[in-house]
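Data first, discussion second: the structure below is written as structure tokens.
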Amino acid sequence: MIEAAFQHRSGRVIAFGRAALALFFLTAIWLDRSQPMLAAPETYGLLALYVLASAALLALTWDNWWLEAKLAGPAHVVDMLVFLWLNYATQGYTSPFFTFFAFLIFSASIRWGWRGTAATAAIIVILYIASAVTAASWGTQAFEWRRFVLRGSYLVALSALIILWLVATRASAAPAPDLPGMEQGRDRPDMAPLLALAAARFRAPRALCVWSEREEPWTWVSVLEPAGFDEVRLDPGRFDPPISPDAGERPFLFDQQPGRTLARAGPRRRVARLLRDPVHQALAREHGALRGLRIPIRSESVSGELLVIDVPGLCSDDLDIAEETAAQIAALLEHAKLFHATEEAAGMRARLSLARDLHDSVVQFLAGLAFRLEGVRKSAAAGRDVARDIDALQAELGREQQDLRRFIAELRAAPAGLSGERAELAGSLRELTGRIGAQWSVACSLVATPQRIDVPPPLERNVRQLVREAVANAVRHGAATEVETRLRRCDDALELVISDNGAGFAVAGDFDDEELARHGPSSVRERVRNLGGRLRLASSPAGSRLSITLPIREAP
């Protein structure tokens with residue numbers, strides 16, 4: 001029950017914490033007869049009023065995302081003013097209520113990211129210095145420079161630590177979510193699993209989508225309710241447009257009757273606006289879409305608006321989940337479109353293979369390059385010499401260009417391996433692990449048994465791609481700092497084991513080929529399957545291990 005009340009509800013956590021701290025402060029200062037040293041009646045009155053206001057704010061915003069968004073800034077200002085007064089009235093810079101600043105930093109970090117945290121920390125430091133100066137002017141006791149410096153350092157260090165953590169986590173990539181299956185062989189997209197995905201994400205009883213295919217004139221309305229799924233085709237323009245053009249192209253919370261909306265205007269900035277009919281009147285009336293969440297659906301084949309209705313505990317935190325859900329649904333639609341195309345043209349197999357190769361090589365290289373460029377940018381901002389880093393990046397670009405040219409030459413030529421060519425895999429992987437270790441700033445090692453392993457060139461290229469993808473996944477999604485690759489030839493098969501010390505996959509356990517369809521890395525799984533191999537995944541919070549067995553086959 002407690003977990004359900006506070007899960008993904010930062011506003012509730014802050015409001016509850018404020019009310020609890022306010023009551024604690026009033027109780028503590030009442031028990032301590034030595035406090036407050038100054039303006040006792042005013043301090044008791046302020047704290048009593050703060051307790052009442054905090055309780056009222058908790059009750060008003062508990063299930064009201066509009067008020068929570070509107071009152072977040074003013075409440076934060078009031079919190080800082082209370083902090084200033086408590087420190088002034090209770091021994092200034094030596095006040096026992098000094099640690100109230102931790103709640104202020106915590107609130108700012110949740111709501112506004114590193115910029116809001118930095119601004120709050122700067123204001124608190126200024127207030128702290130002001131309280132110290134005021135205490136020194138009282139002249140009632142000796143100024144304790146040591147305590148002043150220690151507390152000031154503590155304040156600055158903790159604030160800086162939180163800001164650096166927020167900056168670092170903002171740049172990290174989120175793991176790719178598991179995608180539900182979609183029915184294949186249809187003449188139009190299967191919207192049922194998409195609505196089920198959205199409803200499950202937000203624990204909502206209903207969801208609907210108004211959509212159309214870009215190459216078709218019809219408008220479709222797909223509805224998921226507790227009674228089941230239904231879909232109808234309407235004439236064009238029936239709900240045109242389903243969402244107010246003034247609402248923009250990002251997810252937003254809506255309340256149809258007062259016309260309230262809340263959307264993101266940046267990584268941490270939220271904009272609450274009043275719009276007349278954010279949802280088309282007829283659509284809202286016919287389907288009861290009066291309060292919920294709008295998620296735009298945009299892909300190459302489909303354009304539409306998904307409405308998740310009657311979301312329990314709807315709040316601004318749901319906007320983050322909505323952004324991820326929109327991207328996931330777009331990926332599902334594109335995946336379904338590609339799959340349908342494979343049934344119509346056998347040539348699509350070659351395209352998928354090419355896409356996988358580009359993803360595991362060029363795309364992962366570019367991701368690693370962006371990772372290193374971010375480090376160079378930070379080094380340059382810190383005033384350090386980045387010439388050697390730039391030279392290393394240029395050299396790496398040259399090597400990747402050579403690999404890409406070799407790959408293009410293989411595509412143009414006849415299938416490799418027909419003439420009995422052999423490639424030395426162990427040495428190739430040693431060179432590769434050194435390169436990708438530098439790309440991702442990770443300790444990447446290789447242990448090969450025997451030291452030289454000759455295989456057909458296509459197998460050598462595929463194993464390189466497997467290692468590339470596995471290392472990139474470990475760093476990007478698991479924050480790994482060490483990746484070990486073990487390669488062993490056993491008769492007519494290769495055994496490849498790739499282990500890392502990252503956070504593992506979303507679900508811990510030991511999974512075989514059948515279970516990997518739900519939990520495993522899709523690109524690695526598809527490549528291993530196409531090579532006729534076997535894949536096993538072991539995942540835990542301490543890291544993950546991919547165990548791959550590949551047959552060594554000559555080209556037919």
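With a ≥ b ≥ c taken as the square roots of the eigenvalues of the C-alpha gyration tensor of region 220-325, please select rounded if a/c is under 1.5 and otherwise prolate if a/b is larger than b/c or oblate if it is not?
On the way: a/c = 1.45, a/b = 1.43, b/c = 1.01.
Cα axes put region 220-325 in the rounded bin.
Rounded to the nearest 0.05, what FRET efficiency do Leu60 and Glu431 have when you use their Cβ-Cβ distance and R0 = 51 Å?
0.20
If we sort 239-245, 40-46 on the protection proxy, mean other Cβ atoms within 10 Å, highest first, what's the order?
Working: 239-245: 15.6, 40-46: 13.9.
Highest to lowest by the protection proxy: 239-245, 40-46.
Modelled label-to-label distance, Asp391 and Arg273, 7 Å Cα→beta-carbon offset: nm?
Taking the two extended label points, one gets 5.2 nm.
Put Trp440, Trp30, Trp85 in order of accessible area, largest first, 1.4 Å probe: what do you get? Show your work: numbers first, answer last.
Working: Trp440 10, Trp30 140, Trp85 75 Å².
Ranked list, largest accessible area first: Trp30, Trp85, Trp440.
Hey, with R₀ at 30 Å, roughly what FRET efficiency would Glu334 and Phe24 work out to, going by the Cβ-Cβ distance, to 0.05?
For R0 = 30 Å, the calculated efficiency reads 0.05.
At 1.4 Å probe size, with every protein chain present, just tell me what the per residue accessible area of region 419-535 comes to in Å². Before the final figure, lay out the partial values.
Details: 5050 Å² over 117 residues.
It amounts to 43 Å² per residue over region 419-535.
Which length gain, in nm to one decimal place, applies between Ser379 and Trp218 when the Cα-Cα distance is subtracted from 0.36 nm times their residue separation?
Separation in residues times 0.36 nm, less the Cα-Cα distance, equals 52.6 nm.
Show me 121-127, 293-299 ranked by packing, highest mean number of other Cβ atoms within 10 Å first.
By packing density, highest mean first, the sequence is 293-299, 121-127.
Hey, what's region 249-343 come to in accessible area per residue, 1.4 Å probe, Å²?
Normalised by residue count, the accessible surface of region 249-343 is 41 Å².
Give the carbon-plus-sulfur fraction of the accessible surface of region 429-556 in %, rounded to a whole number; probe 1.4 Å, heavy atoms of protein chains only.
Carbon and sulfur: 49 percent of the exposed surface of region 429-556.
For region 193-239, what does the alpha-carbon gyration tensor say about shape, rounded, prolate or oblate, given a ≥ b ≥ c as the root eigenvalues, a/c under 1.5 as rounded, and a/b over b/c as prolate? Before the final figure, lay out the partial values.
Working: a/c = 2.88, a/b = 2.12, b/c = 1.36.
Here region 193-239 falls in the prolate category.
Rank-order 61-74, 384-397 by packing density, defined as the average count of other C-beta atoms within 10 Å over each peptide's residues, highest first.
Top of the packing list down: 61-74, 384-397.
Over the heavy atoms of Cys209, what accessible area does a 1.4 Å probe trace out, to the nearest 10 Å²?
Its accessible surface works out to 0 Å², give or take rounding.
So who's got an amide H within less than 5 Å of the one on Ile297, skipping anything under 5 residues away but keeping other chains? H placed 1.01 Å off N, in plane.
Counting only residues 5 or more places away or on other chains, the set is Gly304, Glu305, Leu306.
The values are calculated or read from the model by the stated rules, or taken from the named source; none is laboratory data. Please read all numbers here as calculations on a predicted model, not as lab measurements. FYI the Cβ positions are ideal-geometry reconstructions off the backbone, even for glycines, and counts take in every protein chain you see. Note: areas computed on protein heavy atoms with side chains; ligands, DNA, RNA excluded. Shrake-Rupley method; radii C 1.70, N 1.55, O 1.52, S 1.80 Å.
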